[in-house]
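The values are calculated or read from the model by the stated rules, or taken from the named source; none is laboratory data. Predicted model, so just to flag it, every value in this text is computed and none were measured. Counting neighbours? That spans all protein chains shown, and the Cβs are built from the backbone with ideal geometry, glycine included. Ligands, DNA and RNA are excluded from the accessible area calculation, which covers all protein heavy atoms including side chains. Shrake-Rupley method; radii C 1.70, N 1.55, O 1.52, S 1.80 Å.
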Amino acid sequence: WVHMAPAVADGVVYAGAKQGYGAYDLETGRALWYSELEDHEYWPCYASPQVYGHLLIVLVPRRGLLALDCRSGSVAWEQPLGVEYQYGKTSLSGDLLISGGDQGHLAVLRAQSGQLLWNLPVLHGAAYPSGLAADGERIFATTPAGEVRCHDLHSGELRWKFHSGADLLDLTPYRRGIASILAAPVLCGDRVLVGANDGVLYTLDAASGQCVGRDVFAAPITTAPALLEDGLCVAAWDGQLYRFSW
């Protein structure tokens, strides 16, 4: 059950899922190591692994966050958290690691050591973050409740929230007829770009959450836009790829 994208760093591809992760040579595919983490794989995992220095940080559903040594695959640290398979990829802000925590929580850890700084029930009305981004002071989270939320990185305090429209297609696990967002937010200067299941690419002011731009598509947008040197690309659920220039 490999649903997430791999991580690539220093000529090595890291890929896996709940049961374990492996490291593979980028050029040849030769296996460098494989680390088995569980003896079963009853659940998938949507959160891609994250490379931080010599650590590969992975989310293991119903267990927590783990850091594997990129050179050997051995476990460097583990932080138990009530994470589930729907959670989005962790985000880094300097040496801080941002993740969904227990249900309805956001959590911030030290990336190097796994030390838990806070794990607070700040996602009121949403069970988990489906996408995360962060800068030096703020966390930006999208949720299956159709929200874009901005929280203080150090305290978890809510700064603002924005609601998307009703889904064009039911795509969120175990939910029907709702407004939801599956794509992670993308920071672009003083703006936050968010694609939603209502088929709209929103441009929000990062400081206030005010919507300053809307591009409407005929299908849901379930992946984050890709930033380019002179614009961006957006993939929609109908199979179309759209290229925008600044």
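The set of residues in the stretch 111-166 being aliphatic (A, V, I, L, M) and open to solvent by 30 Å² or more (accessible area, probe 1.4 Å) consists of Leu116, Leu117, Leu120, Ala127, Ala145, Leu158, Ala166.
In this structure, is Tyr87 closer than 22 Å to Leu117 by Cβ and in contact (Cβ under 8 Å) with a residue 60 or more places away in the chain? Explain how you work it out, then say what you get.
On the way: closer than 22 Å to Leu117 by Cβ: yes; in contact (Cβ under 8 Å) with a residue 60 or more places away in the chain: no.
Considered against the rule, which asks whether it is closer than 22 Å to Leu117 by Cβ and in contact (Cβ under 8 Å) with a residue 60 or more places away in the chain, Tyr87 comes out as no.
For the stretch 12-45, the set of residues classified as part of a loop (DSSP other than H, G, I, E, B) and free of Cβ contacts under 8 Å to residues at least 40 places away in the same chain consists of Gln19, Leu26, Glu27, Thr28, Gly29, Arg30, Leu37, Glu38, Asp39, His40, Tyr42, listed by residue number.
Annotation: of all residues in the stretch 144-185 being modelled with pLDDT of 95 or more and aromatic (Phe, Trp, Tyr), the one that is nearest to Leu92 (Cα to Cα) is Trp160. Filtered by the rule that a residue be exposed (fewer than 15 other Cβ atoms within 10 Å of the Cβ) and farther than 18 Å from Pro173 by Cα, the stretch 25-54 gives Asp25, Leu26, Glu27, Thr28, Gly29, Arg30, Ala31, Tyr34, Glu36, Asp39, His40, Gly53. Here Tyr87 meets each of (1) assigned to a loop (DSSP other than H, G, I, E, B); (2) open to solvent by 20 Å² or more (accessible area, probe 1.4 Å) with one exception, condition (2).
The residues on offer are Ala183, Ala219, and the sole one that is open to solvent by less than 30 Å² (accessible area, probe 1.4 Å), over 21 Å from the mean Cα position of the chain (by Cα) and in contact (Cβ under 8 Å) with a residue 40 or more places away in the chain is Ala219.
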